[in-house]
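One structure is given below, encoded as structure tokens.
The values are calculated or read from the model by the stated rules, or taken from the named source; none is laboratory data. As the structure is a prediction and not an experimental result, all values here were calculated from the model. Please note: Cβ atoms are built from the backbone with ideal geometry, for glycine as well, and neighbour counts cover all protein chains shown.
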Amino acid sequence: MKTFLDYNEDKYNWVTSLEGEYYPDYLDEAIIFYKPVIAKFRELVNESTTSSQLFSKINEYPVALRIQLLRVFKKYVSPETSVEMLKVKSKESKIIEYFGGKFRDIDEVKKQILKRKDDDEALISVLYEYKDRGKKGYSLTGVFFEWFEAKFSQDNKEGRFRISGPTGAGRDIILNSVLDGYPKKTPVDFIIWNQKNEPLVIGFARYDSDRGGAQEDDRIKGYSDNVTDILKYAEQHKMNLKIMFLNEGPGLLLGSMWLDYADLEKNGNGKVRVITSKMLEERLNREWIES
């Protein structure tokens, strides 16, 4: 497994600006996030015997992934219904009653989806435009949550993971509210849990546009202190906690930021990973989460 430092030589290829993107510049990034959504939709289509059953299966998933699946469902199955209408789970039976007769037949859906690939650029572009429409850029954590739930939502013998935290402007998770006896009120952006509701990964997410100088030093010093505190707590309580920094933005390319983050990861002795959006597929896997 490559370290964050190993990406330094071509680091410009691993950072994405989330502001003012031009088509088709964002497609590579969008494919990373939305390809698993389309793959999951294809899987559910193949498992379903009717389009109404497909709709019901989609409604069983966590909200972030469910909304993305419903956007694909609208395009393939029910263009007359809005996603705002479809996403209200309590209205599932009424939607099927009033609109189910106009759902495209599941056999036709299967026929059409066979013609397309999971990295369907046309559909992925549409999905990308939905994300925070009308806002500059998009929510780093929101899109990460969608990718994570699509990637790790499978129920299998290994068990599935759960991720919690705000996907937009919501309140951060305060560590001493979820970790008994944690000594500080440290805000974090997300936590990855196992089926036993045990925390596995503590996550920090940041988008840096032009950070440098004293700001850069303060950020790294604060993160270093967090790593020390979390790993010390984990050792004391015999917990197998990891720490993930989901970072993005051109600020990572300024000054010594990249090397500072590489040192932060190195000093974590395998318990810390710094990951940009484009590194997710390579660096965030079940083996590390459970290690």
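Listed residues Lys278, Lys266, Lys232, Lys242; which is on the phi < 0 side of the Ramachandran plot, at pLDDT 95 or above, among the basic types (Lys, Arg) and under 22 Å from the mean Cα position of the chain (by Cα)? Before you say what the answer is, go through the steps one by one.
Details: Lys278 fails: at pLDDT 95 or above; Lys266 fails: under 22 Å from the mean Cα position of the chain (by Cα); Lys232 fails: under 22 Å from the mean Cα position of the chain (by Cα).
The unique qualifying residue is Lys242.
Taking the stretch 229-256, which residues are surrounded by 20 or more Cβ atoms within 10 Å (Cβ to Cβ), touching a helix residue (DSSP H, G or I) at 6+ places or on another chain (Cβ under 8 Å) and within 20 Å of Ser209 (Cβ to Cβ)?
Phe245, Leu246, Asn247, Glu248, Gly251, Leu252
For Val88, indicate whether it is among the β-branched types (Val, Ile, Thr) and in contact with a Ser or Thr (Cβ under 8 Å, 6 or more places away or on another chain). Quick ask: steps written out before the conclusion?
On the way: among the β-branched types (Val, Ile, Thr): yes; in contact with a Ser or Thr (Cβ under 8 Å, 6 or more places away or on another chain): no.
Considered against the rule, which asks whether it is among the β-branched types (Val, Ile, Thr) and in contact with a Ser or Thr (Cβ under 8 Å, 6 or more places away or on another chain), Val88 comes out as no.
If you check Lys278, Lys266, Lys271, which single one turns out to be out of contact with any Pro (no Cβ under 9 Å at 6 or more places or on another chain), among the basic types (Lys, Arg), in the same structural domain as Leu200 (by TED's automatic domain parsing) and closer than 24 Å to Ile32 by Cα?
After applying the criteria, what remains is Lys278.
Of Thr16, Thr81, which residue is in contact with a strand residue (DSSP E or B) (Cβ under 7 Å, 6 or more places away or on another chain) and of a type in the set (Ser, Thr, Tyr)? Full working, then the answer.
Numbers: Thr81 fails: in contact with a strand residue (DSSP E or B) (Cβ under 7 Å, 6 or more places away or on another chain).
Exactly one residue qualifies, and that residue is Thr16.
Here is a yes/no grid of residues against (1) part of a helix (DSSP H, G or I); (2) modelled with pLDDT under 95:
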| residue | (1), (2) |
| --- | --- |
| Asn13 | yes, yes |
| Glu19 | no, yes |
| Tyr23 | no, yes |
| Asp28 | yes, yes |
| Leu44 | yes, no |
| Gln53 | yes, no |
| Ile67 | yes, yes |
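May I ask you to list pairs of residues, at least six apart or on different chains, whose Cβ atoms are under 8 Å apart, with the first in the stretch 202-218 being under 14 Å from Trp258 (Cα atoms) and the second being at pLDDT below 60 and small (Gly, Ala, Ser)?
Final answer for the pair search is Tyr207/Gly137.
Where in the stretch 217-291 are the helices (runs of 4 or more DSSP H), entirely inside, with at least 3 residues that are under 18 Å from Ile202 (Cβ atoms)?
257-267, 286-290
Can you confirm whether Thr49 is modelled with pLDDT of 95 or more and outside any helix (DSSP H, G or I)?
It is true that Thr49 is modelled with pLDDT of 95 or more and outside any helix (DSSP H, G or I).
Keeping to the stretch 257-282, report how many residues are out of contact with any strand residue (DSSP E or B) (no Cβ under 8 Å at 6 or more places or on another chain) and crowded, with 17+ Cβ neighbours inside 10 Å.
Total satisfying the criteria: 6.
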